[in-house]
Amino acid sequence: MSLSGVISIGQVTIPAEVRKAMDIHQGDDLVFEVSSEQVARLRVVKRRRLSELYGALPPTREFPGTEAVREEVGQALGKALEERHR
């Protein structure tokens, strides 16, 4: 069993042995579920980097290259700004 205190702004330090046991790392989100009996359950939600999703879906078209993508995004943003200011 581990013990940790709560500071004045509500922050708690998670003991190292708990972080290790639950595989908690910087950037992870924690979900606190409290039952009617005031028992708290903690779940770890891992954040995934966008780069980790590369290749998760099959491509719908061939990649045109970085410059072409930047140009297309720039045009779309410019068009959106024009419509917003009308």
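Looking only at segment 44-86, filter to residues that are farther than 30 Å from His25 by Cβ and in contact with a helix residue (DSSP H, G or I) (Cβ under 9 Å, 6 or more places away or on another chain); which one of those is modelled with the lowest pLDDT? Per the criteria, the residue is Phe63.
The number of residues in segment 17-43 being exposed (fewer than 10 other Cβ atoms within 10 Å of the Cβ) and either of a type in the set (A, V, I, L, M, F, W, C) or touching a helix residue (DSSP H, G or I) at 6+ places or on another chain (Cβ under 8 Å) (or both) comes to 5.
The values are calculated or read from the model by the stated rules, or taken from the named source; none is laboratory data. For clarity, every value in this text was computed on a predicted model and none was experimentally measured. Cβ coordinates were reconstructed from backbone atoms using ideal geometry, including for glycine residues, and neighbour counts include every protein chain displayed.
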